[in-house]
Amino acid sequence: MLLLVVGVVLLVGGGRAFATIYNIDTDDASIDEWQNQGISVFQTDATNDTANGGTSNDDIVNVWVATGNGGDTLYFLMELNDDPALNQDNNRSGAASIDCDNDGIDQESNDRLVTYWPGNDWLIVATGDQASYFFGNATQGQRVGKYIEWSVNLSQLPPDSRNPNTNCRNQIRIRFGTADNATSPATVLDETSPLRGWNTPTTIDIKQLETQRRANLIGTLFIALMGVFFVTASVFAFHRARASQS
């Protein structure tokens, strides 16, 4: 029985460790799911290091990244140094700058700048050089106290009509920033540094994940059935031995 219990724990634990897909809602006035699901901090930033008129409400403390929605969406969470986050006016924004072609530069047409404006509840996805952009929808972002939470669908990242040969999947790099968009170009108030690697799952990765989960479940059921079989066989043998002695 001890072997049975250990086997089940190992399989179930292995399934959890393999999983990288989380359940996140960017339109529920809560960020509790990040902590409840044990999502680790992606990057930290020094406090009280804003520039160009930034305040503690623009000062990045921690950022998180996660994959969810069946692997089709990247989610971002930013903690600011003061509550409420980015609240000075509708021009304040938080952004995830994605180096899609993983070349160490995140300001090219191949790259994407995913920006959330909490004052207007706008989600904007722009090319890294900001030459073109398009709006997401309001459900893709929210402000919760000193946090902002937003997302981008993988379909909003290359390969697309602008960059058919750039695949913003697997290994990419991300950094985060806050900005005042009253000027053009926007004035950076704080940013994390340097770009940090992140692995964005592909369709193949998701299929492998589901295959692994099924294998874990089948393995768990098999060991459980074998345990029941051995226990039943042992009990039967014990009663038979006692019967033969009497």
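Working from label points 7 Å from Cα in the Cα-to-Cβ sense, the PHE134 to THR183 distance is 3.1 nm.
Taking neighbour counts of Cβ atoms within 10 Å as a proxy for exposure, in what order, fewest first, do PHE135, PHE76 appear?
Least to most surrounded, the residues fall as PHE135, PHE76.
Phi angles across the range 94-101 convert, under the Karplus curve 6.51 cos²θ - 1.76 cosθ + 1.60 with θ = phi - 60°, into 3J(HN,Hα) values of x, 9, 10, 9, 10, 7, 5, 8 Hz, Gly and Pro given as x.
Over the range 48-176, what is the relative contact order in percent, taking alpha-carbon pairs closer than 8 angstrom and at least six residues apart?
Numbers: 295 pairs, mean separation 31.7, N = 129.
25 percent.
Here the Karplus curve 6.51 cos²θ - 1.76 cosθ + 1.60, taken at θ = phi - 60°, turns the phi angles of the range 178-190 into couplings of 10, 8, 9, 8, 5, 10, 10, x, 4, 8, 6, 9, 7 Hz, with x standing for Gly and Pro.
Using a Förster distance of 30 angstrom, determine the FRET efficiency expected from the C-beta separation of ASN91 and THR202, and round it to 0.05.
Numbers: r = 36 Å, r/R0 = 1.21.
Using R0 = 30 Å, I get an efficiency of 0.25.
Multiply the residue gap between ASP121 and ALA46 by 0.36 nm, knock off their C-alpha separation, and tell me the result in nm, one decimal place.
Working: separation 75, 0.36 × 75 = 27.00 nm, distance 2.68 nm.
Value of the extension gain: 24.3 nm.
Bear in mind these aren't lab numbers, they're just calculated from the coordinates by the rules spelled out. Because the structure is predicted, anything quoted here is derived from the model rather than measured. When we count neighbours, we look across all protein chains shown, and the Cβ atoms used for this are built from the backbone with ideal geometry, even at glycine.
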